[in-house]
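Trainee: Below is the structure I would like to discuss, written out as structure tokens.
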Amino acid sequence: MNTSDTPGRTAVTPAAHRAAVAAETARFAAALDGADLSVPVPGCPGWTLVDLVGHTGNVQRMFSGLLRRRVQEPPRSREVDWRLPADGTDARGWADWLAASAAVAADAFDGIDPDSAMWAWGVDQHARFWMRRMLFETLVHRTDAEHALGLRPVVDPVLAADGVDEFLVNLPFAGSFAPGVAQLRGNGETLRFRCTDTAGDWLVRLAPDGFGLVPRDGAGSADASVEAPAADLLLLLYGRLGSDADTVRLAGDKELPARWFAHSAF
């Protein structure tokens, strides 16, 4: 079940996504200055900082390749020339490599209309899907890096709300790499997610055949609700923050958000 036929419910544009990819990558690269690349990344268990940097840059380069080719079906291979740094311990070299990955992405963005029809694993079958997806891969992993280095991440609330929307719109389609979502079934129960510091209000309904976003008229209630500032709500959805955090408010049926967070790992 997916009742969302309006992907991209926020006002953040593809042009803003493109600019934010560059800005988020620059912040990520800046955090690497003098960093020990062997430190563990709490948000990605089993990874060190160098694994995180490599993954983020590789994703940018892979998505850029999809955009340049304007793929119309799922790619059979993820082969990309990563051009990885020769020295796996040189933080400056990895920061430069990550910045170069963002330059590859910018070049791909310049070469394609965001409204061009493309295959995508999510609901929005256009090039803009990959621009938006690349942004939130980069943004969330930038916060992972900062947390690993003992820094306090800051996320723009409007951008964070767009990230919440992107996550919720696409999660019903993520079963091939997030098998837990198959457990998100129910009998019409509704779960509300709301930002407390900016516009952002979503209602998810669990049905016997799946789950998805449904329209809200602003007047109805939900069986359970999860409310937090936009940045915290985004990190909560991505499993980087616990639902017991001081900034998170749960109301209604406590089992429903517990079931959601147990099976919505992305």
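The values are calculated or read from the model by the stated rules, or taken from the named source; none is laboratory data. Note that the coordinates shown come from a computational prediction; the quantities given were computed from them, not determined experimentally. All Cβ positions, glycine included, derive from the backbone under ideal geometry; neighbour counts span all protein chains shown. In case anyone asks, the SASA skips ligands and DNA or RNA and just uses the protein heavy atoms, side chains included. Shrake-Rupley method; radii C 1.70, N 1.55, O 1.52, S 1.80 Å.
Trainee: What 222 nm value per residue comes from the helices of the chain, counting each DSSP H run with n ≥ 4 as -39,500 (n - 2.57) and dividing by all residues, nearest 500 deg cm²/dmol?
Mentor: Working: 7 runs with 112 residues, N = 266.
Using -39500 (n - 2.57) per qualifying helix, the result is -14000 deg cm²/dmol.
Trainee: Moving on to the next point. Percent of accessible area on the chain owned by carbon and sulfur, 1.4 Å probe?
Mentor: Details: 6130 of 11870 Å².
Summing carbon and sulfur atoms, their accessible area is 52 percent of the total for the chain.
Trainee: Beyond 20 Å, how much of the Cα-Cα pair distribution for the stretch 174-255 remains, as a whole percent?
Mentor: On the way: 1191 of 3321 pairs.
Value for the stretch 174-255 (Cα pairs over 20 Å): 36 percent.
Trainee: Sticking with this structure for a sec: Which whole-angstrom value gives the distance between the alpha carbon centres of the stretch 211-266 and the stretch 17-82?
Mentor: Answer, in whole Å: 27.
Trainee: Can you give the FRET efficiency for VAL154 and ARG70, using 1/(1 + (r/R0)^6), R0 = 41 Å, r = Cβ-Cβ distance, to the nearest 0.05?
Mentor: Working: r = 35 Å, r/R0 = 0.86.
Calculated transfer efficiency: 0.70.
Trainee: Cα-based Rg (one decimal) and Dmax (whole number) for the chain, in Å?
Mentor: 18.4, 58
Trainee: Same structure again: State the antiparallel share, in %, of DSSP beta bridges confined to the chain, rounding to the nearest 5.
Mentor: On the way: 17 of 22 bridges.
Just about 75 percent of them are antiparallel.
Trainee: Also: Which values, in whole Å and largest first, are the semi-axes of the equivalent ellipsoid of the stretch 11-50 obtained as the square root of 5 times each eigenvalue of the Cα gyration tensor? Present the calculation step by step, with values, prior to reporting the outcome.
Mentor: On the way: eigenvalues 145, 36, 6 Å².
Working from the Cα gyration tensor, I get semi-axes of 27, 13, 6 Å.
Trainee: Below 8 Å between Cα atoms, with a sequence gap of 6+, how large is the relative contact order for the stretch 133-214 in percent? Kindly include the intermediate steps, with their values, before the conclusion.
Mentor: On the way: 83 pairs, mean separation 19.3, N = 82.
For the stretch 133-214, the relative contact order is 24 percent.
Trainee: Over the chain, what relative contact order in percent results from Cα pairs under 8 Å that are six or more residues apart?
Mentor: Values: 453 pairs, mean separation 56.2, N = 266.
Here the relative contact order equals 21 percent.
Trainee: With equal scatterers on the alpha carbons only and no solvent term, can you work out the Debye log10 of I(q)/I(0) for the stretch 67-184 at 0.09 1/Å?
Mentor: -0.32
Trainee: Then there is this: For the stretch 191-258, calculate the relative contact order in percent as a whole number, restricting contacts to Cα pairs under 8 Å that are 6 or more residues apart.
Mentor: Details: 105 pairs, mean separation 22.3, N = 68.
This gives 33 percent for the stretch 191-258.
Trainee: Accessible area per residue, 1.4 Å probe, Å², for the chain: what's the number? Don't skip to the end; give the middle numbers.
Mentor: Numbers: 11870 Å² over 266 residues.
Result: 45 Å² per residue.
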